[in-house]
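Engineer: Provided herewith is a single structure, encoded as structure tokens, for subsequent inquiry.
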Amino acid sequence: MSVLHLILELILMPLVAFVVGLALVLMMRKIAARLQRRVGPPFLQPVYDIIKLYGKDTQISHGMIHEMGIIMAVGGYIAAETLLPVPGMSGLADKGGLVTLAYVLMIPSLGLALGVGQCANPNGSIGISRALTAMLAYDVPFILVIFGVAWMYGTTNLADMIAIQQQGGPQTWGIMQMPLLALAGLLTLPAMMGKHPYEIYVAPAEIATGPMVEMSGKFMGGLFVMQCFQLYTVGVLYTTLFLGGGENWLTFLLKVFAVLAIPMSIAYLFPRYRTEDVLRLMWKWPVLIGLLGLAVVMK
Amino acid sequence: MTPLDQLLLLSGLSVLAIWLIGNRQISGWSATLFYAIQGVALLRMSGLAYGEVQGIESAVTLQVLEHALHWRFDGLSWFFALITIGAAFLVSWFAGGEWGQRYREAGGSLRVFHTALALNVFAMLVLLASGDLLSLFIGWELVSWASFLMMALGSATAMRYAMRYLSYAFAGAMAVLGALALVYAETGSFEFQALKEAVPAMDSASLWALLILFSAGFGVKMALLPLHLWQAKAYSETPGPGAAFLGAISSRMGLFALVVVLVQLLGVAQLSDMQLLFTFFSAHDLLAWVAIFTLIFATFTALRQHDARRLLAWHGIGQGGYMLLGVVIADDLGSAGGLMHVFNHATYQAALFMVVTAVIHRTGTSDLNKLGGLVARMPLSFFVMLIGIIGLAGLPPMNGFVSKWLIYRSLIIDGSPLLFLGAVVGTLGTILSVYKLIHNTFLGQLRVEHVDVEEAPWSMMIPMLMLSAIIFVTGYFPGLVLAWVSAVQAAVGLPVLDYTLGGVSMEKGGLDMIWIVSVLLVGFGIGTLIFLGTGRSKRVHQLDNYAGGHFLTAETRYQYSDNFYPGLMHLIGPWYRKSFRWAERGLVSAIDSASLLMQGLYRQTQPAFYLLVVVVFALSWVIVQ
């Protein structure tokens, strides 16, 4: 593969991720709306939102780190997308692999945390304390899943994992080979995305307490872009690990959308959990199922 | 005179020269110069670090009874010596300028401080050069006393904890001495080679005894669980630059000795063969779990600290767990990770202690409840701390990530999910804890009394920036350090890592940091372009923010570090039971009672009682007979 080809891939992968991420945001909103018997936003609403946020007149900055935090949040995800293979493009999948990806994904969170920290707003800091606690909660089962998958496929290279699953057909997909780990992964998905019912740190209903409290204009826009990437990353990662990746773009996108739609549709049945309950929940069921799954996989 | 003799002689002369220069301002800079000269002497032996030379012997030997003591350097010694001298160089630079002036004005003696530092370096070099078990023991004792000298320089609290360290170190030294006696009984010699050859023939009981005595003895210095209670407070109370030096390298001497004894002499294969009775556990697993518990326990203790120095010192204990874990996994990836972590840890721990010292220099406190918002006044120090905490937390693009990645990767290959989980939980706890550190020092609200604080002086800033550059560059090009690490592996008989400049090239998922870091930098660049290309933002005063209907004023304090993670503590708070503190107290009072009893016996305060005891024993003996 020529260097030019690789550079093209590295440019395209984040762009595709962004566009698909916008569509995923739209889908989530539609699902939420339908469950609450509303019509929901129009098709281009996520695009309008971004244009609106970036175009606002009032943009309050609390200092250099506030700005740097947003840059780290967006930039970290742009880099992470190049580690995540998609049909026809594997980018830097062989340079990093699953463990590296899991750690690169923490950079945007750290960026956000730093940015909010400089706002000197107690409500923002409370939100970050909750967000980091939630990270500790969902990363424990997620790590078990990562380990099981890497052990099962004998590699940490995501492109290899896709190749192994696609060669053997659907019966060799991760979800067939390690259903318990797949279930544990599915249970942690909503928490990783910070979506309902694990969204207490964003606190959409209590706007005064959350990382967003001092974010206006393009700062909020940066977080919106980050959310698009976040949904895409989680969906694609799950598809790669358990659903055989994508043979072509059609099946790939179908899988990614399904991965996010299914848990989201169920999630709205549950009330929003408090931080300590997120911990208790994540450390109990997904971890138990994940450990069982590991025992089965490793025999 | 071999290059090794020159190095040791230079180091010894430095101690003398610094003592003679005395309590003058110049002593700091001259110490820096001496360490630079020692560094040059060390670089003359750099053949060791690239596998060109196998070992450099010292021309000096000592005859004790019929045993010859000798000293030598190999790849392992060179690697640790590099970190030692590098740390001393930067620390003395840091202490040479305004810090030293302030220290002297406050009544401290620069003569004692710099002599203690030079003595530490000298003792460590002697330890690293040890060529047999007896010289290892002598070096070990020198290092223990030298670091005591350093710790005892601080306040009254420091003295108390230094004394505590001393009792731990004594117990550890006795354990090592016991192990030496055992070795001598088995082999009749103190040579490394003799022990190595005798190990396969030894029975399991004496192997276990050796393992436990050596691990306990050397584990004290590394503050392995359950011997960790002394370290955090003793280190954090040491004068700032001294704490940076001790935190960076001093406790790693324990790891050095453990590597020599466990890996080089006993052999890791031997450890895996030693089964613990009635369990599936081998000695190898036991050590790995000690490492994991040290990591998790110390990290989550750090999470609860509200003094910046103490928080860092607890992390220092925890990170030692990664090193031991990597070394006992003992495959090419894991051991490389563990050994590389020694270097990485030294760089970011020194940088972080220096930043905290700089903050103390400017504000007078390291209490996280009394700081905050300093990024507006000390932006460069903030960046050093940011780079340091990213390294400590083990996130890309800093060097801490690479060593941890190597350990994770080898645990996956090894098939140890629970160790892997433990290692990652340690990292997650570290992220929470270091965010608390940077948030409560540099972010959040700037206190009224700190409005006029200035950036740290350049004499402090330059070494901090140099360390930051090392942390970043060795994260970008980990092959630079992995070259030395692979020489260490070859020297102690571990499988040698096949490294590249960017990391590790493996068929089943390798790591190339050059690409990862480049793409991250480009990502940040694009993020910056997007940010700067859209709309203009307006800077506002820190109190001009939205607080849900309330208005924050300079009097409204919100910076908090007590219970910074209330949700988490709600769940795991009750798990902090201070069990080790209790156990230590229990042990202390048991020894107290025993010595009281012995004292009574010695002074014959209860003659009638002794008469009774003797009669009972005599009678029962007669009856049994």
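The values are calculated or read from the model by the stated rules, or taken from the named source; none is laboratory data. Quick caveat, the model's predicted, so the values are computed rather than measured. Reconstructed Cβ throughout: ideal geometry from the backbone, glycine too, with neighbour counts over all protein chains shown. Ligands, DNA and RNA are stripped out before the accessible areas are found, and what is left, the full protein with its side chains, is counted by its heavy atoms. Shrake-Rupley method; radii C 1.70, N 1.55, O 1.52, S 1.80 Å.
Engineer: How many residues does the stretch B:410-457 hold that are within 11 Å of chain A (Cβ to nearest Cβ), among the aliphatic types (A, V, I, L, M) and more than 22 Å from the chain's Cα centre (by Cα)?
Structural biologist: 7
Engineer: Could you list, in sequence order, all residues of the stretch B:503-521 that are part of a helix (DSSP H, G or I), of a type outside the set (Gly, Ala, Ser) and either loosely packed, with under 15 Cβ neighbours inside 10 Å or more than 7 Å from chain A (Cβ to nearest Cβ) (or both)?
Structural biologist: Narrowing the stretch B:503-521 to residues part of a helix (DSSP H, G or I): B:513-521.
If we keep only those that are of a type outside the set (Gly, Ala, Ser) too, we end up with B:513-517, B:519-521.
Correct list: B:Met513, B:Ile514, B:Val517, B:Leu521.
Engineer: Let me ask another. Return a yes/no flag: does the stretch B:378-385 have any residue that is buried (at least 24 other Cβ atoms within 10 Å of the Cβ), within 22 Å of the chain's Cα centre (by Cα) and in contact (Cβ under 8 Å) with a residue 12 or more places away in the chain.
Structural biologist: Yes, the stretch B:378-385 contains a residue that is buried (at least 24 other Cβ atoms within 10 Å of the Cβ), within 22 Å of the chain's Cα centre (by Cα) and in contact (Cβ under 8 Å) with a residue 12 or more places away in the chain.
Engineer: Quick check on B:Tyr165: is it free of Cβ contacts under 8 Å to residues at least 40 places away in the same chain and in a helix (DSSP H, G or I)?
Structural biologist: Numbers: free of Cβ contacts under 8 Å to residues at least 40 places away in the same chain: no; in a helix (DSSP H, G or I): yes.
Criteria not met by B:Tyr165.
Engineer: Here's something else I'd like to know. Just to be sure before I move on: is B:Leu497 touching a strand residue (DSSP E or B) at 6+ places or on another chain (Cβ under 9 Å), aliphatic (A, V, I, L, M) and more than 9 Å from chain A (Cβ to nearest Cβ) in the structure I sent?
Structural biologist: Details: touching a strand residue (DSSP E or B) at 6+ places or on another chain (Cβ under 9 Å): yes; aliphatic (A, V, I, L, M): yes; more than 9 Å from chain A (Cβ to nearest Cβ): yes.
When the stated conditions are applied, B:Leu497 passes them.
Engineer: Looking at the stretch B:523-544, which of the residues that are facing chain A (nearest Cβ under 7 Å) and among the aliphatic types (A, V, I, L, M) is farthest from B:Ala336 (Cα to Cα)?
Structural biologist: The extreme case among them is B:Val540.
Engineer: Kindly list, by first and then second residue, each pair from a residue in the stretch A:266-278 that is within 8 Å of another protein chain (Cβ to nearest Cβ) to a residue that is in a loop (DSSP other than H, G, I, E, B) and of a type outside the set (Ser, Thr, Tyr), limited to pairs with Cβ atoms under 7 Å and residues at least 6 apart or on different chains.
Structural biologist: Note: pairs meeting the criteria are A:Arg274/A:Ile200; A:Thr275/A:Ile200.
Engineer: What helices (runs of 4 or more DSSP H), lying completely within the stretch B:11-127, carry at least 1 residues that are free of Cβ contacts under 8 Å to residues at least 40 places away in the same chain? It would help to see each step written out before you state the result.
Structural biologist: Working: elements: B:26-43, B:75-96, B:98-105.
Ranges flagged: B:26-43, B:98-105.
Engineer: Here is a further query. Those residues that are surrounded by fewer than 24 Cβ atoms within 10 Å (Cβ to Cβ) and in a helix (DSSP H, G or I), I need them from the stretch B:303-342; list them, please.
Structural biologist: Once the filter is applied, which keeps residues that are surrounded by fewer than 24 Cβ atoms within 10 Å (Cβ to Cβ) and in a helix (DSSP H, G or I), the stretch B:303-342 yields B:Arg310, B:Asp332.
Engineer: Shifting gears a bit: Being open to solvent by 70 Å² or more (accessible area, probe 1.4 Å), among the hydrophobic types (A, V, I, L, M, F, W, C) and within 14 Å of chain A (Cβ to nearest Cβ) is the filter here; which residues of the stretch B:567-600 pass it?
Structural biologist: Selection gives B:Trp575 alone.
Yes/no per residue for (1) under 21 Å from A:Leu53 (Cα atoms); (2) open to solvent by 10 Å² or more (accessible area, probe 1.4 Å); (3) of a type outside the set (Phe, Trp, Tyr); (4) not in a helix (DSSP H, G or I):
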{"residue": "A:Ala182", "(1), (2), (3), (4)": "no, no, yes, no"}
{"residue": "A:Leu186", "(1), (2), (3), (4)": "no, yes, yes, no"}
{"residue": "A:Val202", "(1), (2), (3), (4)": "yes, yes, yes, yes"}
{"residue": "A:Met220", "(1), (2), (3), (4)": "yes, yes, yes, no"}
{"residue": "A:Val225", "(1), (2), (3), (4)": "yes, yes, yes, no"}
{"residue": "A:Val234", "(1), (2), (3), (4)": "no, yes, yes, no"}
{"residue": "A:Tyr238", "(1), (2), (3), (4)": "no, yes, no, no"}
{"residue": "A:Gly244", "(1), (2), (3), (4)": "no, no, yes, yes"}
{"residue": "A:Leu269", "(1), (2), (3), (4)": "no, yes, yes, yes"}
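Engineer: Further question: Which members of the stretch A:134-155 meet the condition of being more than 14 Å from A:Phe242 (Cα to Cα) and in contact with a Lys or Arg (Cβ under 9 Å, 6 or more places away or on another chain)?
Structural biologist: A:Ala137, A:Gly154, A:Thr155
Engineer: Looking only at the stretch A:145-155, decide whether some residue is of a type outside the set (Gly, Ala, Ser), assigned to a helix (DSSP H, G or I) and more than 30 Å from B:Leu571 (Cβ to Cβ). Break it down into steps so the answer makes sense when it comes.
Structural biologist: Filtering the stretch A:145-155 down to residues of a type outside the set (Gly, Ala, Ser) leaves A:145-147, A:149, A:151-153, A:155.
If we keep only those that are assigned to a helix (DSSP H, G or I) too, we end up with A:145-147, A:149, A:151-153.
Retained after the next criterion (residues that are more than 30 Å from B:Leu571 (Cβ to Cβ)): A:152-153.
Looking through the stretch A:145-155, at least one residue is of a type outside the set (Gly, Ala, Ser), assigned to a helix (DSSP H, G or I) and more than 30 Å from B:Leu571 (Cβ to Cβ).
Engineer: Scan the stretch B:168-191 for residues that are open to solvent by less than 50 Å² (accessible area, probe 1.4 Å) and either of a type in the set (Gly, Ala, Ser) or in a loop (DSSP other than H, G, I, E, B) (or both) and jot them down.
Structural biologist: Listed by number, the residues that qualify are B:Ala169, B:Gly172, B:Ala173, B:Ala175, B:Gly178, B:Ala179, B:Gly188, B:Ser189, B:Phe190.
Engineer: Could you list, ordered by first residue, the pairs with Cβ atoms under 7 Å in which the first is in the stretch B:492-506 and under 30 Å from B:Lys196 (Cα atoms) and the second is assigned to a loop (DSSP other than H, G, I, E, B) and modelled with pLDDT under 90, at least 6 apart or interchain?
Structural biologist: Once the first residue is under 30 Å from B:Lys196 (Cα atoms) and sits in the stretch B:492-506, its partners that are assigned to a loop (DSSP other than H, G, I, E, B) and modelled with pLDDT under 90 give B:Leu494/B:Ala330; B:Pro495/B:Asp331.
Engineer: Further, regarding this structure: Determine, yes or no, whether B:Ile21 is within 28 Å of B:Ala490 (Cα to Cα), open to solvent by less than 80 Å² (accessible area, probe 1.4 Å) and over 25 Å from the mean Cα position of the chain (by Cα).
Structural biologist: Details: within 28 Å of B:Ala490 (Cα to Cα): no; open to solvent by less than 80 Å² (accessible area, probe 1.4 Å): yes; over 25 Å from the mean Cα position of the chain (by Cα): yes.
No, not satisfied.
Engineer: Tell me, please, whether a residue that is within 22 Å of B:His70 (Cβ to Cβ), crowded, with 21+ Cβ neighbours inside 10 Å and at pLDDT 85 or above can be found in the stretch B:216-238. Quick ask: steps written out before the conclusion?
Structural biologist: So in the stretch B:216-238, the residues within 22 Å of B:His70 (Cβ to Cβ) come out as B:217-218.
Applying the additional criterion that residues be crowded, with 21+ Cβ neighbours inside 10 Å yields B:217-218.
Those left that are additionally at pLDDT 85 or above: B:217-218.
There is at least one residue in the stretch B:216-238 that is within 22 Å of B:His70 (Cβ to Cβ), crowded, with 21+ Cβ neighbours inside 10 Å and at pLDDT 85 or above.
Engineer: Considering the stretch B:457-482 alone, what residues qualify as being more than 21 Å from B:Gly394 (Cβ to Cβ) and either surrounded by fewer than 24 Cβ atoms within 10 Å (Cβ to Cβ) or modelled with pLDDT under 90 (or both)?
Structural biologist: Let us first name the residues in the stretch B:457-482 that are more than 21 Å from B:Gly394 (Cβ to Cβ), namely B:457-463, B:465-466.
B:Pro457, B:Trp458, B:Ser459, B:Met461, B:Ile462, B:Leu465, B:Met466 - these are the residues of the stretch B:457-482 that are more than 21 Å from B:Gly394 (Cβ to Cβ) and either surrounded by fewer than 24 Cβ atoms within 10 Å (Cβ to Cβ) or modelled with pLDDT under 90 (or both).
Engineer: Go through the stretch B:355-388 and report how many residues are in a helix (DSSP H, G or I) and within 9 Å of chain A (Cβ to nearest Cβ). Steps first, answer last, please.
Structural biologist: At the first step, the residues of the stretch B:355-388 found to be in a helix (DSSP H, G or I) are B:355-363, B:368-370, B:374-376, B:379-388.
Checking the rest, the ones that are also within 9 Å of chain A (Cβ to nearest Cβ) come to B:375-376, B:379, B:382, B:386.
Qualifying residue count for the region: 5.
Engineer: Would you be able to tell me the number of residues in the stretch B:129-162 that are touching a strand residue (DSSP E or B) at 6+ places or on another chain (Cβ under 7 Å) and either surrounded by fewer than 19 Cβ atoms within 10 Å (Cβ to Cβ) or not polar (S, T, N, Q) (or both)?
Structural biologist: To start, the set of residues in the stretch B:129-162 that are touching a strand residue (DSSP E or B) at 6+ places or on another chain (Cβ under 7 Å) comprises B:129-132, B:134-136, B:139.
In the following step, the residues that additionally are either surrounded by fewer than 19 Cβ atoms within 10 Å (Cβ to Cβ) or not polar (S, T, N, Q) (or both) were identified as B:129, B:131-132, B:134, B:136, B:139.
The number of residues fulfilling the criteria is 6.
Engineer: Continuing with this model, one more query. Among the residues of the stretch B:253-269, is any of a type outside the set (Gly, Ala, Ser) and open to solvent by 20 Å² or more (accessible area, probe 1.4 Å)?
Structural biologist: Within the stretch B:253-269, one or more residues are of a type outside the set (Gly, Ala, Ser) and open to solvent by 20 Å² or more (accessible area, probe 1.4 Å).
Engineer: Considering only the stretch B:48-57, I want to know if a residue exists there that is open to solvent by 50 Å² or more (accessible area, probe 1.4 Å), farther than 22 Å from B:Met1 by Cβ and out of contact with any Phe, Trp or Tyr (no Cβ under 7 Å at 6 or more places or on another chain).
Structural biologist: Among the residues of the stretch B:48-57, at least one is open to solvent by 50 Å² or more (accessible area, probe 1.4 Å), farther than 22 Å from B:Met1 by Cβ and out of contact with any Phe, Trp or Tyr (no Cβ under 7 Å at 6 or more places or on another chain), which makes the answer yes.
Engineer: Now for a separate question. For the stretch B:6-18, how many residues meet the condition of being open to solvent by less than 10 Å² (accessible area, probe 1.4 Å) and over 19 Å from B:Val143 (Cβ atoms)?
Structural biologist: 0
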